[in-house]
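The values are calculated or read from the model by the stated rules, or taken from the named source; none is laboratory data. Keep in mind the model is a prediction, meaning the values are calculated, not measured. Quick reminder, even Gly has a Cβ in these numbers, built from the backbone with ideal geometry, and neighbours come from all protein chains shown.
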Amino acid sequence: MKLKITLLPGDGIGPEVMGQAARVLRTVADASGHDFIFDEQLVGGAAIRETGDPLPRATLDSCLAADAVLLGAVGSPEFDALAPSERPEAGLLTLRRALGGYANLRPIVCFDSVACHSPLRQELVAGADILFVRELLGGLYFGEPRGRADDGDSPSAYNTMRYTEAEVERVARVAFEAASGRRRKVTSVDKANVLETSQLWRETVTRVAGDYREVKLEHMYVDACAMHLMQAPRHFDVLLTENLFGDILSDEAAVIAGSLGLLASATVGGSVDLYEPVHGSAPGLAGLDCANPLGAILSAAMLLRHTAGLETEALVVEEAVRAVLEAGHRTPDLIGSGGAGLRAATTSTMGALVAESFAGIADSLHAYHAV
Ligand code: NAD
Ligand code: IPM
Ligand code: MN
């Protein structure tokens, strides 16, 4: 198989975690005989510095011609004073819209060996396995009109929360389909006690649920959901949210997994699938070789599964990550208060260990099939 992958390292720790995800993908290609063709391009602050544009034409063209895009992170304090439309983040939002993926899948899994690091009690988080399906192309992020009005004494600013029924329906179907292959439960998050967009959201999700009788649907207000996530994470299977609610709740849910650095995502439904860790550019960690690359590596595993259809390879990457954590290797974000048998690892060591573990598991699988 030939797979064209555009790599967008971006800013801060983006290039460091991306380096390790690409290393793992190269190991997968070597072991499986598939041909992955990488094209690295500029995005975000790195692109503004070189070209003045957070999403240069060459980057967009490469992404549109690719089978999949893997992005590190964008954002840098250097550009914090710029208007939203000129910032590094605008490059990512324009890219998301151009690729067309409207369903952002964010799995939250608490690995057994990591459960002890969560600030939540271990017995609460152990075994938690949630899939966020976050709407990615609508809501406040893209609604018009938006802007600032500097009228006299009291300048004002405004954004528009807007959803069409069709936008809600298509992402709801992704959530119900995903739940059908899991524990058959969708929790739809809204603020229908206050917002019209949420009332439309709730009505539409309820109607779509009629086509998935085997899936149980519950509705939950976003404020209550923020609390229940911490109180009873195992209550949830698939969590369906609009754009901003999903952004906020998925960072909160990182506490269940043990670190934001562990979370991966896939954005599907458009012309080209986009893969990115959930975390940002973590400027304070940039250049120190200490960021956790596992979120980026697990995003690469999602690419193998969803775009390449390489389910076995995806499972083996996930298994390799599990094995490296079980052996006690930890980047600083996961060491926390410490623990017996833990071994401090850098970003690059962690990537090398996962690649090595992948190759080992793949070898034994080949040996098994050869018998
Ligand atoms: P952040 O996700 O960069 O960092 C939040 C916290 O998590 C920080 O304490 C950071 O040190 C830690 N962290 C994040 N990733 C980590 C990793 N891989 N390993 C270890 N620790 C990690 O969010 P922020 O600080 O609010 O934002 C920084 C910049 O990133 C901003 O410019 C923001 O807009 C941008 N951002 C980009 C994306 C993206 O590109 N997809 C996502 C979120 C934030
Ligand atoms: C994320 C990020 C982005 C978002 C920003 C950087 C535009 O926070 O992917 O979670 O809000 O979607
Ligand atoms: Mn976010």
- Task: Those residues that are surrounded by fewer than 21 Cβ atoms within 10 Å (Cβ to Cβ) and over 18 Å from the mean Cα position of the chain (by Cα), I need them from region 226-238; list them, please.
- Result: A226, M227, H228, M230, Q231, A232, R234, H235
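Does L42 satisfy being buried (at least 23 other Cβ atoms within 10 Å of the Cβ), modelled with pLDDT of 95 or more and either part of a loop (DSSP other than H, G, I, E, B) or assigned by TED's automatic domain parsing to the domain that holds S281 (or both)? Let's see the steps before the verdict.
Values: buried (at least 23 other Cβ atoms within 10 Å of the Cβ): no; modelled with pLDDT of 95 or more: yes; either part of a loop (DSSP other than H, G, I, E, B) or assigned by TED's automatic domain parsing to the domain that holds S281 (or both): yes.
Judged against the criteria, L42 is not a match.
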- Message: Looking only at region 6-24, filter to residues that are within 15 Å of the chain's Cα centre (by Cα) and in a helix (DSSP H, G or I); which one of those is nearest to ligand 2 (Cβ to nearest atom)?
- Response: G14
- Determine whether Y163 is part of a loop (DSSP other than H, G, I, E, B), over 25 Å from A126 (Cα atoms), assigned by TED's automatic domain parsing to the domain that holds S250 and touching a residue at least 40 places away in the same chain (Cβ under 8 Å). yes
- Identify all residues within region 271-290 that are more than 18 Å from R134 (Cα to Cα), touching a residue at least 24 places away in the same chain (Cβ under 8 Å) and near ligand 1 (Cβ under 9 Å from one of its atoms); write none if there are none. S281, A282, P283, L285, C290
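Which residue out of A314, A355 is aliphatic (A, V, I, L, M), within 21 Å of I37 (Cα to Cα) and under 19 Å from the mean Cα position of the chain (by Cα)?
Sole residue among the options that is aliphatic (A, V, I, L, M), within 21 Å of I37 (Cα to Cα) and under 19 Å from the mean Cα position of the chain (by Cα): A314.
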- Taking region 75-112 only, how many residues are of a type in the set (S, T, N, Q) and buried (at least 19 other Cβ atoms within 10 Å of the Cβ)? 2
- Message: One residue is enough: does region 234-241 have a residue meeting the conditions in contact with a strand residue (DSSP E or B) (Cβ under 6 Å, 6 or more places away or on another chain) and among the basic types (K, R)?
- Response: no
- Task: Answer with yes or no whether A157 is part of a helix (DSSP H, G or I) and small (G, A, S).
- Result: no
- Condition test on E40, is it closer than 23 Å to V268 by Cα and of a type in the set (D, E, K, R)? yes
- Filter result (within 21 Å of L325 (Cβ to Cβ) and surrounded by fewer than 22 Cβ atoms within 10 Å (Cβ to Cβ)) within region 262-287: L285
- Pair list, Cβ under 8 Å, 6 or more apart: region 207-225 residue over 16 Å from D237 (Cα atoms) and surrounded by fewer than 17 Cβ atoms within 10 Å (Cβ to Cβ), other residue among the aromatic types (F, W, Y) and at pLDDT 95 or above: D211/F176
- Query: Do any residues in region 323-334 that are over 11 Å from L353 (Cα atoms) have Cβ atoms under 7 Å from those of residues that are among the hydroxyl-bearing types (S, T, Y), where the two are at least six apart or on different chains, and which pairs are they?
  - Reply: E326/S113; T331/T347; D333/S259; L334/S259
- Message: Given the condition out of contact with any His (no Cβ under 9 Å at 6 or more places or on another chain), within 15 Å of ligand 2 (Cβ to nearest atom) and among the charged types (D, E, K, R), answer yes or no: does some residue in region 45-53 qualify?
- Response: no
- Item | Qualifying residue in region 263-275 (condition: within 11 Å of ligand 3 (Cβ to nearest atom) and within 19 Å of D112 (Cα to Cα)) | yes
- Item | Any helices (runs of 4 or more DSSP H) falling wholly within region 54-143 and containing at least 2 residues that are within 16 Å of ligand 2 (Cβ to nearest atom) and not polar (S, T, N, Q) | 88-99
- Given the conditions (1) among the charged types (D, E, K, R); (2) surrounded by fewer than 20 Cβ atoms within 10 Å (Cβ to Cβ); (3) away from ligand 1 (no atom under 11 Å from the Cβ), and given that D251 satisfies all but one, which numbered condition is not satisfied? (3)
- Output for region 239-262, where each listed residue is more than 12 Å from the chain's Cα centre (by Cα), of a type in the set (D, E) and under 25 Å from A209 (Cα atoms): E242
- Message: Suppose we filter region 1-25 for residues that are charged (D, E, K, R) and touching a helix residue (DSSP H, G or I) at 6+ places or on another chain (Cβ under 8 Å); how many remain?
- Response: 3
- Task: With the checklist (1) surrounded by fewer than 24 Cβ atoms within 10 Å (Cβ to Cβ); (2) away from ligand 3 (no atom under 15 Å from the Cβ) in hand, flag the one item S259 doesn't pass.
- Result: (2)
